[in-house]
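The values are calculated or read from the model by the stated rules, or taken from the named source; none is laboratory data. What you see is a predicted model; the values in this text were computed from it and never measured. We place every Cβ from the backbone using ideal geometry, glycine too, and count neighbours over all the protein chains shown. With ligands, DNA and RNA removed, areas are computed over all heavy atoms of the protein, side chains included. Shrake-Rupley method; radii C 1.70, N 1.55, O 1.52, S 1.80 Å.
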Number of protein chains: 2
Amino acid sequence: MKQHFIDLAILFTFLGSVCFSQTEQPAMLEDFKPSTLNQPGQQYPQVNSQGYARFRIVAPKAQSVSVSLGLGGRGGTVLTRAADSTWVGTTTGPLDKGFHYYHLTIDGGIFNDPGTLNFYGSTRWESGIEIPAPDEEFYALKNIPHGNVQQILFPSKSTNTSRRAFVYTPPDYDKGHARRYPVLYLQHGWGEDETAWSNQGRANLIMDNLIAGGKIKPFLIVMTYGMTNEIKFGGLRNFDIKPFQTVLVDELIPYIDAHFRTLSDQPHRAMAGLSMGGMETKSITTANLDKFSHIGLFSGGTFSMDDVNKTPGFKKKVKLVFVSFGSRELEGNRGGRGFWGGDPKVNADSLKQAGINSVFYVSPETAHEFLSWRRSLREFAPLLFKN
Amino acid sequence: MKQHFIDLAILFTFLGSVCFSQTEQPAMLEDFKPSTLNQPGQQYPQVNSQGYARFRIVAPKAQSVSVSLGLGGRGGTVLTRAADSTWVGTTTGPLDKGFHYYHLTIDGGIFNDPGTLNFYGSTRWESGIEIPAPDEEFYALKNIPHGNVQQILFPSKSTNTSRRAFVYTPPDYDKGHARRYPVLYLQHGWGEDETAWSNQGRANLIMDNLIAGGKIKPFLIVMTYGMTNEIKFGGLRNFDIKPFQTVLVDELIPYIDAHFRTLSDQPHRAMAGLSMGGMETKSITTANLDKFSHIGLFSGGTFSMDDVNKTPGFKKKVKLVFVSFGSRELEGNRGGRGFWGGDPKVNADSLKQAGINSVFYVSPETAHEFLSWRRSLREFAPLLFKN
């Protein structure tokens, strides 16, 4: 298993640099509007209808200002000094749709863009920008009944702390005091924390919209910190899933079942995660099939028949294996070769042929980023707790 | 009333610059530790046992770096370039205990310190630093039962949006499904929003600690955005309390009473606010004495007998008038002269003599900042809902 973690880390690093459209660039339209993630009253950064992003930074005496977002790799976008001593620049083409992290480099130091909100990624609070997607309605804030996102602080003996988690409760949770609900445990990726799925993932709004549309039966989502951020890329040899497994399985799950109206049996408990959270999901669910029945890996590895065969009771106990990727993660020569554990589509098909409820999903024109994972949650949620 | 708002705004502006100890400075001890509000793994900013703050910023090619925090007014602390091309500086004396907002100025541009967490104040997300206080235990995260902080999205016809609020529910809220609770509506100040009382105010931890210590009977706290941030200082002439009053009284309160197990009668509903939130509290409660019985103004004005006399039913309906300030707000010639509405202590005494349950509290050695308001909540909460 340790070797697998290392390969996954290399994969994630590689994918992280493929975040942008690589097609021919269309002529840029001058219809820029403030990004929807801007701080109140802030006019920049802006996004146009094609997905170009424009930045404007006030730093009159700076020598150089650049933005980490841009086409074609790590160079980002170099801003130039305008007549009014602000620094302005536009990406050389449209960015992929959806959410992107970024930061500024000002005179050699790394800072956030004061124009926009911050999101926890890369083990720190980074700037975020949102490129409107054609299907953005599914994660939009609408005039419908809304569930709550509850911050809980649960006791953890194994780490000798009160640990934080967020719990999504659906709109009708406060209505019927007899009704009990299934639970999905949903993990963030490396560099992120328990805030990611609500803030950049919009998991609560995705759920609200699915429920209002009659597409799912309501369930709870629990999001906590996966303790992954001490791991540096290349340092995964020492990664041990046990400390987090203890927190999740022995401490958080009993707390949730004691404090929320849950259905606490195996058929009504699922786990999913993105990127390294998918790796954690695979490790923890296969080691605890008496507790989890539905499994989701979003850009975080695959399940092969080898995995199934070496896990006693898998076919009987697992009611869903959902594996997804962004299409750009599968492009080029990575399909079937670069992937650890084999081609994920081929693996998913082989599970299906073996009689396992195996679903494979590819998010169109997205990379190892949050629009892939928002869409993965949208596709995964309606498949849960059917039995 | 409009003239009062203007005077208050001038007061707040003035008080905002008096945030630091003005006494003789002791010799600085070299026992600096990372501030408790730093981002994970970050070593700077640091604070020593006396309350000096030290900053370290990486910006190798910058021309100038300064920090807005410092002694003696607006100059802040100018950092100097160290041998390793970082910028380092220490305040020239101890800062007041408690929480302070700050930001960096780098080559003429305003940015946040990448070392620390951000908090919404001054109408934007700013850096924060925490100076340990002698009584910090009352807002510390302890190994005791914790309540939840729930993000809710409630429909608002008057503003045609889904608006956000946070609801603190006490530790036993999920236990007894029959028990109902009183509610405190708690407002932030100008430049802040609905996140302030949980993030920089630590209202949930203050409540958890009071409840664990048997000092209060549990109640809910509801925190929403006071719509104050469109108001620029000096532009208060146009401020109208009605739009926020409509959201709070006609939309939020009914939503809370429908979705949470509240005691929804006047004796079990309180309102309090800090700074401009205190001003809002005074306006809204006196206009709605059929809905509110307990009133708290934290560094946000006073109640005089004039106020009482011009408000029909005040003596009968109001069960508590709590007024508080930081001691530095009362220092010098402001006591009894600079205050709009008269000396707050004299006013509080006059209400008491008139038979009103009037409590006046002064937070020791703090200014117009959050330690004053954390302490005000600690003092206010045990006085609520006694009847």
Suppose we keep only residues that are free of Cβ contacts under 8 Å to residues at least 60 places away in the same chain, surrounded by fewer than 20 Cβ atoms within 10 Å (Cβ to Cβ) and within 12 Å of chain A (Cβ to nearest Cβ) within region B:125-161. Which one would you say is farthest from A:A258 (Cα to Cα)?
B:N160
Residue, least open to solvent (accessible area, probe 1.4 Å), within region B:309-331, restricted to residues that are in contact with a Gly (Cβ under 8 Å, 6 or more places away or on another chain) and of a type outside the set (A, V, I, L, M, F, W, C):
B:S324
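Kindly establish whether A:F111 is crowded, with 20+ Cβ neighbours inside 10 Å, within 24 Å of A:L205 (Cβ to Cβ) and in contact with a strand residue (DSSP E or B) (Cβ under 8 Å, 6 or more places away or on another chain).
Values: crowded, with 20+ Cβ neighbours inside 10 Å: yes; within 24 Å of A:L205 (Cβ to Cβ): no; in contact with a strand residue (DSSP E or B) (Cβ under 8 Å, 6 or more places away or on another chain): yes.
So A:F111 fails the test.
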Those residues that are over 19 Å from A:G109 (Cα atoms), polar (S, T, N, Q) and facing another protein chain (nearest Cβ under 7 Å), I need them from region B:108-124; list them, please.
B:T123
Considering only region B:58-81, state which residues are out of contact with any His (no Cβ under 8 Å at 6 or more places or on another chain), within 14 Å of another protein chain (Cβ to nearest Cβ) and not in a strand (DSSP E or B).
B:A59, B:P60, B:K61, B:A62, B:Q63, B:S64, B:L79
Filter result for the condition that a residue is in the same structural domain as B:Q187 (by TED's automatic domain parsing), touching a residue at least 60 places away in the same chain (Cβ under 8 Å), in a helix (DSSP H, G or I) and surrounded by fewer than 23 Cβ atoms within 10 Å (Cβ to Cβ), over B:S283, B:S350, B:S372:
B:S283
Pairs with Cβ under 6 Å, 6+ apart, first in region B:80-101 and assigned by TED's automatic domain parsing to the domain that holds B:S363, second at pLDDT below 95 and charged (D, E, K, R):
none
Does A:A178 count as more than 23 Å from B:G41 (Cα to Cα), modelled with pLDDT of 95 or more, open to solvent by 10 Å² or more (accessible area, probe 1.4 Å) and not β-branched (V, I, T)?
no
Candidate set: region A:47-77, residues that are at pLDDT 95 or above and more than 30 Å from B:S64 (Cα to Cα); chosen: the one most open to solvent (accessible area, probe 1.4 Å):
A:S49
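Please verify whether region A:39-46 includes one or more residues that are of a type in the set (F, W, Y), in a strand (DSSP E or B) and open to solvent by 10 Å² or more (accessible area, probe 1.4 Å). Walk me through it before giving the result.
So in region A:39-46, the residues of a type in the set (F, W, Y) come out as A:44.
The next check asks that each one be in a strand (DSSP E or B); those that pass are none.
No; the residues of region A:39-46 include none that is of a type in the set (F, W, Y), in a strand (DSSP E or B) and open to solvent by 10 Å² or more (accessible area, probe 1.4 Å).
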Any chance B:Q187 is under 22 Å from the mean Cα position of the chain (by Cα), crowded, with 21+ Cβ neighbours inside 10 Å, closer than 26 Å to A:E126 by Cα and away from every other protein chain (no Cβ under 13 Å):
no
Looking only at region B:82-107, and only at residues there that are open to solvent by 40 Å² or more (accessible area, probe 1.4 Å) and modelled with pLDDT under 95, the one that is nearest to the other protein chains (Cβ to nearest Cβ)
B:S85
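Scan region A:198-215 for residues that are over 20 Å from A:Y181 (Cα atoms) and assigned to a helix (DSSP H, G or I) and jot them down. Don't jump to the end; show me each part of the working.
Looking only at region A:198-215, we keep the residues that are over 20 Å from A:Y181 (Cα atoms), and these are A:199-202.
Listed by number, the list holds a single entry, A:N199.
Could you tell me which of the residues A:G300, A:G342 is more than 25 Å from A:V183 (Cα to Cα) and either touching a residue at least 40 places away in the same chain (Cβ under 8 Å) or open to solvent by less than 40 Å² (accessible area, probe 1.4 Å) (or both)?
Working: A:G300 fails: more than 25 Å from A:V183 (Cα to Cα).
Result: A:G342 is the single residue among A:G300, A:G342 that is more than 25 Å from A:V183 (Cα to Cα) and either touching a residue at least 40 places away in the same chain (Cβ under 8 Å) or open to solvent by less than 40 Å² (accessible area, probe 1.4 Å) (or both).
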Does region A:257-273 contain at least one residue that is more than 19 Å from A:V167 (Cβ to Cβ), small (G, A, S) and surrounded by 18 or more Cβ atoms within 10 Å (Cβ to Cβ)?
no
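Residue-wise test of (1) in the same structural domain as B:S275 (by TED's automatic domain parsing); (2) charged (D, E, K, R).
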| residue | (1), (2) |
| --- | --- |
| B:W125 | no, no |
| B:K142 | yes, yes |
| B:G147 | yes, no |
| B:I152 | yes, no |
| B:P155 | yes, no |
| B:Y181 | yes, no |
| B:R202 | yes, yes |
| B:N209 | yes, no |
| B:I221 | yes, no |
